[in-house]
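Here's the structure, in structure tokens; my notes come after.
The values are calculated or read from the model by the stated rules, or taken from the named source; none is laboratory data. Keep in mind that what you see is a predicted model, and the values were worked out from it rather than measured. Here the Cβ is made from the backbone with ideal geometry for all residues, glycine too, and neighbour counts use every protein chain on show. With ligands, DNA and RNA removed, areas are computed over all heavy atoms of the protein, side chains included. Shrake-Rupley method; radii C 1.70, N 1.55, O 1.52, S 1.80 Å.
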Amino acid sequence: MSLIVQKYGGTSVGDLVRIREVAKRVAKTYDAGNDVVVVLSAMSGVTDHLIQMAEVLTDSPNRRELDVLMATGEQTTVALLAIALTEMGYKAQSILGHQIPLLTDSAHSSARIVNIPKDQVKELLDQKKIVVVAGFQGVDPGGNITTLGRGGSDTSAVAIAAAIQADVCEIYTDVDGVYTADPNVVPKAKKLSTITHDVMLEMSGLGAKVLQIRSVEFAKKYGVPVHVRSSFNEEEGTMVVNEDKDMERMVVAGVTLAKSDARITVTKVPDRPGIAAQVFQAVADAGISVDMIIQNTRSGNMTDITFTVGGADYKRTLEVVKKVAAEIGAEDVAGDTDIAKVSITGVGMKSHSGVAARMFRALADEGVNIMMISTSEIRVSCVVELKYAELATRILHTEFGLDRED
Ligand code: ADP
Ligand code: ASP
Ligand code: MG
């Protein structure tokens, strides 16, 4: 007998037929003698729709209320699954984030988990119930509902698995594992039977939304075995593991694509100490994370600063930066969202030279212009025009020998 956490994503609970299918799979796991905790997302498209409704009313919805609104998506699915399981003759009970309580900080829309007491869930398991937990949501010390950032149900699942010391956390989704690139973009992508925490962390951070990055951080920190697999078939998926000698030898293990970033340029900034600090302090004070930064020197003691932020923060960043630009006497602030970031990742890059040059050459040969570059020990990222996003991803997948042969 094992203690199993199963998380089902948006497509897997996308309609009532799918919810019945999930109920059957959960029941089967329970019938095999396991204790089962289910963590659910909202039905696919629902979270987007809720946000859109708020945005019809205002450009900048109150962030506390937006969390209250978004949390309703998961409240719906947990109740429906518990109803379906009960109808099938099982003892099942839904539980919301604040009822556990899954305690977070107060950063609405991207709250971090602080603590998950296990007593409530354990008590329900002791009563031989199937526990159905609403993913994505928590509660702050003031009792306000919070959410964990888009894709956050993955993190709810792994964090709950860590808290109750589950034997495995299964992430059921609409692909049958983690691939060398998004299989919906690169048809020749290969499924990986295992992936290391470190490579998965990089890939999640660079846009592979199959696992939210914070879920991988939890898995690594607490040693939770995570199995990413399809809710549509019984095949083995991908295990996220600590070490994998084969993977460590691969120069490039995966290619990722992020299409929702935005680029902001501040032109003719005075070139003197403290200016960059002033610009980015203002951005940081607004709780916005910056990704890539480049600074070009112009003649006459002027520079241009260009940087990228997540698309969701675009409008807010423009507002903040326009204010600072006026204070420091910069000429103009402009931005756009017509960009994409393609990245290659692999632990083996540490010991290979020329990987970045090969990436730039492969893109150039196909006429893809590179607008920004950033690197780390185990990754190289390029910002390209949005219209080249998929093409660039496929070019790099082929260039680094990752295409499936068949
Ligand atoms: P869920 O609703 O189940 O949480 P998501 O849409 O959040 O599902 O994540 C699954 C999606 O992640 C897939 O449909 C796929 O398009 C995308 N994806 C991106 N990169 C990868 C990758 N390297 N391997 C597998 N899927 C990926
Ligand atoms: N429903 C939330 C979202 O769409 C959380 C999740 O699906 O993991 O982001
Ligand atoms: Mg997801």
Can you figure out the FRET efficiency of Val56 with Asp338, using R₀ = 35 Å and their beta-carbon distance, to the nearest 0.05? 0.90
Can you tell me the length gained on complete extension of the stretch Asn296 to Ile373, counting 0.36 nm per residue apart and subtracting the Cα distance? 26.4 nm
Of the candidates Phe307, Val279, Ile213, the farthest towards the positive dipole end of the range 207-339 (Lys/Arg Cβ +1, Asp/Glu Cβ -1, centred on the Cα centre) is Val279
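What FRET efficiency, computed as 1/(1 + (r/R0)^6) with R0 = 45 Å and r the Cβ-Cβ distance, is obtained for Lys128 and Lys268, rounded to the nearest 0.05?
0.05
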Which helices, taking whole DSSP H runs in the chain, have alpha carbons extending 30 angstrom or more along the helix axis plus mean Kyte-Doolittle at least 0.0? 63-87
Need the C-alpha centroid separation for the range 25-57 versus the range 254-321, integer Å. 36 Å
Using alpha-carbon pairs under 8 Å, 6+ residues apart, how would you state the relative contact order of the chain in percent? 13 percent
Computed FRET efficiency, Cβ-Cβ of Lys387 and Asn184, R0 25 Å: what is it to the nearest 0.05? 0.90
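Within the range 1-72, what whole-number % of the accessible surface is contributed by carbon and sulfur, with the 1.4 Å probe and all protein chains included in the calculation?
Within the range 1-72, the accessible surface is 55 percent carbon and sulfur.
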15 Å reach of a label modelled at Val241, 7 Å along Cα-to-Cβ, counting backbone N of the range 141-161: none
Which aspartates and glutamates have a Cα lying under 16 Å from the Cα of Lys129, excluding residues fewer than 8 positions away in the same chain? Asp31, Asp35, Glu87, Asp119
Amide H neighbours of Val39 at under 5 Å, excluding residues fewer than 5 places away on the same chain, with H built from the backbone geometry, are Gln6, Lys7, Tyr8, Val133
Lys322: which lysines have alpha carbons under 19 Å from its alpha carbon, excluding same-chain residues fewer than 8 sequence positions away? Lys268
Working out 0.36 nm times the residue gap between Phe360 and Arg316, then minus their Cα-Cα distance, what length gain in nm do you get to one decimal? 12.6 nm
Accessible area per residue, Å², the range 203-301 with all protein chains present, probe 1.4 Å: 51 Å²
What is the magnitude of the charge dipole of the chain about its Cα centre, with +1 placed on the Cβ of each Lys and Arg, -1 on the Cβ of each Asp and Glu, and no other charges, expressed in debye to the nearest 20? 260 debye
Hey, for a label at Glu405 modelled as a point 7 Å past Cα toward Cβ, could you say which residues of the range 227-253 have their backbone N under 20 Å away? 246-247, 249-253
Show me 219-232, 147-160 ranked by packing, highest mean number of other Cβ atoms within 10 Å first. 147-160, 219-232
To the nearest 500 deg cm²/dmol, what mean residue ellipticity at 222 nm is calculated for the chain from DSSP H runs of n ≥ 4 alone, each contributing -39,500 (n - 2.57), summed and divided by the residues? -11000 deg cm²/dmol
Take the Cα pairs of the range 97-252, get the Kirkwood Rh, then feed it into Stokes-Einstein at 10 °C and 1.306 mPa s and tell me D in µm²/s. 97 µm²/s
